[in-house]
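Take a look at the structure set out below.
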Amino acid sequence: MTQPSELQSLIGQEVGVSKWFEVDQARIDAFAKITEDEQFIHVDPEAAKATPFGGTIAHGFLTLSLASAMSYDAVKPLEGVVMGVNYGFDKLRFLAPVPAGSKIRGRFRLLSADDKGGGRWLLKHELTVEIDGAEKPALIAEWLGMQVVA
């Protein structure tokens, strides 16, 4: 747990790195079905071979959707937190495709921590999603989250 009084000293620092998450074809297919985004570059390995990707790739939004799990794994919650909610993104860029069968993980750097009163803290993290073995990250985002402490 992180004390709210520690937040200012953590600004600019990496505050967590998640475990690796596998992005296999089964996960991509399930995401395609539930989101109704079944574009062939995600779900048809044969057709996707003919694209510049050379095979199927994860949806950018699938990669982004794993951010919450990465955060739970990597970032210590505030002491006394009763809930946290997504507040949005200031920036979000998809930089590289995630090929089926890849592993990804999240790196978190605290950019700001604003005391909004009433036990509410607006935290901004830089999230970089790395692809195992790749030079370029899958995405970089400035992610806002509101944590409420008792």
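The values are calculated or read from the model by the stated rules, or taken from the named source; none is laboratory data. Quick caveat: nothing in here was measured; it's all calculated off a predicted structure. As a convention, Cβ positions derive from the backbone with ideal geometry for all residues, glycine included, and neighbour counts pool all protein chains shown. Side chains included, ligands, DNA and RNA excluded: accessible areas come from the protein's heavy atoms. Shrake-Rupley method; radii C 1.70, N 1.55, O 1.52, S 1.80 Å.
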>> Can you list residue pairs whose Cβ atoms sit under 7 Å apart, with the first residue in the range 8-28 being under 16 Å from VAL75 (Cβ atoms) and the second being buried (at least 17 other Cβ atoms within 10 Å of the Cβ) and of a type in the set (Gly, Ala, Ser)? Count only pairs 6 or more apart in sequence or on different chains.
In response: ILE11/ALA113; GLY16/ALA74; VAL17/ALA74; SER18/ALA74; SER18/GLY106
> How many residues are touching a residue at least 12 places away in the same chain (Cβ under 8 Å), open to solvent by 30 Å² or more (accessible area, probe 1.4 Å) and of a type in the set (A, V, I, L, M) when one looks only at the range 29-63?
Replying inline: 1
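What number of residues in the range 100-122 are under 30 Å from ILE41 (Cβ atoms) and either among the aliphatic types (A, V, I, L, M) or out of contact with any strand residue (DSSP E or B) (no Cβ under 8 Å at 6 or more places or on another chain) (or both)?
Keep residues of the range 100-122 that are under 30 Å from ILE41 (Cβ atoms), which gives 100-108.
From the residues that got through so far, the ones that are either among the aliphatic types (A, V, I, L, M) or out of contact with any strand residue (DSSP E or B) (no Cβ under 8 Å at 6 or more places or on another chain) (or both) too are 100, 104.
The qualifying residues number 2.
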> Within the range 83-104, how many residues turn out to be touching an Asp or Glu at 6+ places or on another chain (Cβ under 7 Å) and open to solvent by 60 Å² or more (accessible area, probe 1.4 Å)?
Replying inline: 4
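Can ALA150 be described as among the aliphatic types (A, V, I, L, M) and at pLDDT below 95? Lay out the reasoning, then the answer.
Working: among the aliphatic types (A, V, I, L, M): yes; at pLDDT below 95: yes.
Taking the combined requirement at face value, the residue satisfies it.
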> Can you pull out the residues in the range 1-28 that are assigned to a helix (DSSP H, G or I) and open to solvent by less than 60 Å² (accessible area, probe 1.4 Å)?
Replying inline: PRO4, LEU7, LEU10, GLN25, ILE28
> Cβ-Cβ below 6 Å, separation at least six or inter-chain, first residue in the range 75-99 and under 25 Å from GLN25 (Cβ atoms), second among the aromatic types (Phe, Trp, Tyr): which pairs?
Replying inline: PRO97/PHE53
